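Structure record follows, encoded as structure tokens.
The values are calculated or read from the model by the stated rules, or taken from the named source; none is laboratory data. Nothing here was measured: the structure is a model prediction, and the numbers come from that model. Virtual Cβ from ideal backbone geometry, glycine too; neighbours counted across all protein chains shown.
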Amino acid sequence: METRDFLTLENVERGDLRSTLGLARACAEGRLREPLAGKTVCLAFFEASTRTAVSFELAARRSGADVISLSEKGSAIAKGESLIDTVVTLDRLGADAIVLRHPAAGAAALAARHTTAAVINAGDGCGQHPTQALLDLYTLGDALGGFDELSGTRVAIVGDVLHSRVARSVIPAFRAAGMEIALVAPRTLLPLDAGAWNLPVLPSVDGAVEWGAGVLYALRLQKERMTGARIPSISEYARFYGVARRHLEEGVLVMHPGPVNRGVEISGDVVLDGSSLIPAQVAAGTAVRSAVLALATGAAHEVAA
Amino acid sequence: MNGRDGRPADLIVRHAHVLDPSIGLDGVTDVRISGGRIAEIGDGLRGGRELDADGLHLFPGFVDVHAHWRTPGREDEEDIESGSAAAAAGGFTSVVMMPNTDPVVDRPVIVSGLARRVEKESSVRAHISAALHMGLEGERLTEMRLLKEAGAFCVSDDGLGTASAGVLRNGMLYAKTAGLPVILHCEDHSLATGVVHDGTFAALAGIPGSPASAEDAATATALVLAAETGAKVHITHVSTALSAALVGFFKGRADVTSDTTPHHLTLTDELVCTLEGLYRVNPPLRPDNDRRGVTEALRDGVLDFVATDHAPHASEEKELPLEEAAPGFLGHETAFAALYTELVLNRTIPLSRLVEAVSCGPGRWVGGAGSLRVGSPADLTLVDLSEEWNVERGALLSRSSNSPHLGRRLTGRVAGTIVGGALVYDHVGARFGIRS
């Protein structure tokens with residue numbers, strides 16, 4: 001049985017995205033019946049998470065897997081067990097897939113070198129968050145009328161790109177889907193070499209709308225970034241980098257990986273507006289993660305066979 | 001006086017020796033001003049009012065990117081009216097006001113209020129520098145994008161160095177985002193623990209000294225960060241030969257410009273011997289080898305231009321022992337004469353370089369000033385290069401009198417200053433009357 005790690009979307013190809021999202025569609029429509037029956041999925045979260053942890057757990061259970069959850073609290077992780085030792089333990093206990101969330105970039109790749117189980121990166125530091133980007137594409141494809149409609153759509157990624165693993169996954173994913181991307185952030189929240197992605201940097205959300213963005217993808221601003229060292233104030237941030245009602249004309253769509261700081265990245269009246277895909281993003285999580293689990297454990301092949 | 005169509009009639013400045021290195025002008029000719037702008041330069045111009053400038057030199061208006069007009073908060077020392085009067089008397093047609101006032105210029109509402117007051121009260125063009133950090137404390141960034149919308153021209157934590165390189169780096173990055181230049185006062189506080197230059201005279205007098213490294217280390221840090229971040233950075237009051245050389249190294253490696261002051265070009269730390277509070281300034285007066293190094297750097301264009309750091313202080317803050325006195329000198333009214341007397345008359349630097357350093361260079365930095373090119377704003381300075389005068393308390397228009405040149409005799413006096421075609425300073429009065 002062939003397993004496959006899901007570590008990063010860097011260098012992802014359009015065909016892979018299309019087939020993964022197609023499988024997610026099949027999961028959502030209940031066309032795969034318990035593909036993970038008899039498999040063991042272990043959720044190892046070395047960092048707090050609500051929606052990612054819950055949606056992976058739901059995805060695994062609905063797919064018929066046995067699920068083991070390790071969180072920081074109440075496990076050997078809290079006793080200081082190293083990442084590698086935890087992974088080796090889970091491997092010997094017979095895990096078929098390990099879903100890993102960790103505060104350091106590269107943790108998932110390191111774990112993958114120490115287990116034959118499939119490692120699925122559920123977010124590693126400021127590195128990657130591949131299932132987030134997949135569910136974003138799934139949601140956006142739905143909203144635009146199909147995966148092929150993504151091609152040529154302009155998306156502005158707004159906010160703290162520097163500290164964002166979501167940005168590092170959605171940029172290659174959006175690019176592989178054929179979207180045109182711009183970044184909107186102050187220099188204090190961009191990598192020094194923002195040109196690393198060869199993307200334009202726009203001065204404000206207003207500027208992004210002027211540029212023709214059809215999608216405004218706002219990133220979460222962590223509380224500890226709001227103290228004045230990198231941005232002067234919430235009001236200045238919201239004024240130039242916050243998505244407001246005035247940006248919603250002409251069918252602009254709003255996305256956010258959550259949790260939203262209302263009134264900071266997105267004004268309160270926009271979060272649940274009709275143009276907001278945020279609830280749909282959350283809803284897409286289970287189907288997309290079911291598909292990823294099925295692909296990772298090789299179950300998708302078995303079902304197809 | 002208005003012409004028949006109600007617009008001010010053209011003004012012709014006749015027979016001045018016009019010197020403007022920015023357009024290669026150096027000779028006696030006439031200049032016509034129309035609609036507040038330079039309309040024409042040439043011999044035998046006719047029509048309109050005339051100003052007889054025979055025997056005077058005419059330069060593009062001087063520009064001072066470093067002034068403390070103490071408003072708001074210390075209007076007893078200077079206000080916009082007296083500060084701009086002093087600037088005009090020194091031939092300055094544009095200045096940049098520093099934000100270390102009380103309250104500090106760190107909020108958009110303070111900038112917009114100041115901008116309104118400048119409009120009403122200043123006789124010269126006055127740009128507002130807002131603070132780089134709230135309260136100049138080097139912790140929280142100011143709302144630079146909103147400050148810019150309110151009218152801020154640049155940002156600076158002048159008077160205080162920024163304590164941490166990490167904080168300064170983020171400040172530069174954010175200023176770049178806001179599109180504002182940063183003016184930096186480079187001083188490392190872990191080194192700058194004294195009140196005068198840490199040299200022979202401090203040692204002999206027993207006054208605590210701050211070493212040159214306090215400036216040099218901070219200047220090096222600032223330059224490295226400017227090169228890395230790509231921010232537009234101006235390093236003000238360079239006072240050591242090493243800092244000047246560091247600036248030179250980073251030319252072409254960073255978007256950086258620099259200035260030095262008339263006092264660091266003309267005075268040395270020998271004045272520490274007087275033990276007089278008047279001579280305390282920051283950065284401190286340096287030994288003669290630094291003064292010469294800085295002068296050569298200015299002559300060669302390594303340092304771009306001159307700024308005065310005009311810093312008025314009440315007499316009760318200056319008539320004190322050195323260690324207790326407030327640091328700072330008046331600068332506007334003596335700048336040109338001191339530099340002409342000390343550096344041009346003895347042929348250390350040519351007059352044309354001095355004009356570049358007080359006018360063209362800083363004019364380019366603020367944009368659209370410091371040039372007599374046709375179409376430019378008619379900001380002009382008329383100078384009598386032969387007039388000798390004594391620097392005396394009664395002769396100064398500043399509300400304060402803490403000039404380090406008090407009691408000295410200087411050569412070269414500003415005769416008239418024109419801003420946007422309007423005469424805002426007229427030293428010679430009657431002789432200078434404009435004939436219709």
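Listed values, structure above:
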| read-out | value |
| --- | --- |
| Residue within the range A:205-213 that is in contact (Cβ under 8 Å) with a residue 40 or more places away in the chain, within 14 Å of chain B (Cβ to nearest Cβ), in contact with a strand residue (DSSP E or B) (Cβ under 9 Å, 6 or more places away or on another chain) and under 23 Å from A:S233 (Cβ atoms) present | yes |
| Criterion violated by A:E250 - all others in (1) acidic (D, E); (2) under 19 Å from A:R165 (Cβ atoms); (3) outside any helix (DSSP H, G or I) satisfied | (2) |
| Residue selected from the range B:360-375 under the condition crowded, with 20+ Cβ neighbours inside 10 Å and in a loop (DSSP other than H, G, I, E, B), by the criterion farthest from the chain's Cα centre (by Cα) | B:L372 |
| Filter result for the condition that a residue is at pLDDT 95 or above and polar (S, T, N, Q), over A:S290, A:S267 | A:S290 |
| The range B:128-178, residues that are farther than 23 Å from A:P191 by Cα and either facing chain A (nearest Cβ under 8 Å) or without any contact (Cβ under 8 Å) to a residue 24 or more places away in the chain (or both) | B:M134, B:E137, B:L146 |
| Helices (runs of 4 or more DSSP H) wholly inside the range B:185-272 containing at least 3 residues that are more than 21 Å from the chain's Cα centre (by Cα) and either within 26 Å of B:P99 (Cα to Cα) or in the same structural domain as B:L410 (by TED's automatic domain parsing) (or both) | B:212-229 |
| Matching option when the condition is touching a residue at least 60 places away in the same chain (Cβ under 8 Å) and more than 14 Å from every other protein chain (Cβ to nearest Cβ), among A:G298, A:G268, A:G274 | A:G298 |
| Exclusive hit being under 23 Å from B:T93 (Cβ atoms), surrounded by 17 or more Cβ atoms within 10 Å (Cβ to Cβ) and at pLDDT 95 or above, set B:T240, B:T236, B:T295 | B:T236 |
| Flag if A:R262 is under 20 Å from A:A167 (Cα atoms), modelled with pLDDT under 95, more than 10 Å from chain B (Cβ to nearest Cβ) and surrounded by 17 or more Cβ atoms within 10 Å (Cβ to Cβ) | no |
| Count of the range B:179-218 residues which are under 21 Å from B:L246 (Cα atoms) and within 14 Å of another protein chain (Cβ to nearest Cβ) | 1 |
| Selection within the range A:164-204 - among the basic types (K, R) and away from every other protein chain (no Cβ under 14 Å) | A:R165, A:R168, A:R175 |
| Residue match in the range B:97-109 (condition: away from chain A (no Cβ under 14 Å), in contact with a strand residue (DSSP E or B) (Cβ under 6 Å, 6 or more places away or on another chain) and polar (S, T, N, Q)) | no |
| Total residues in the range B:277-323, condition more than 25 Å from B:L396 (Cβ to Cβ) and touching a residue at least 60 places away in the same chain (Cβ under 8 Å) | 6 |
| Meets criteria (free of Cβ contacts under 8 Å to residues at least 24 places away in the same chain, acidic (D, E) and over 21 Å from B:V95 (Cα atoms)) for B:E342 | no |
| Search result, residues across the range A:227-242 that are surrounded by fewer than 17 Cβ atoms within 10 Å (Cβ to Cβ) and of a type in the set (A, V, I, L, M, F, W, C) | A:I234 |
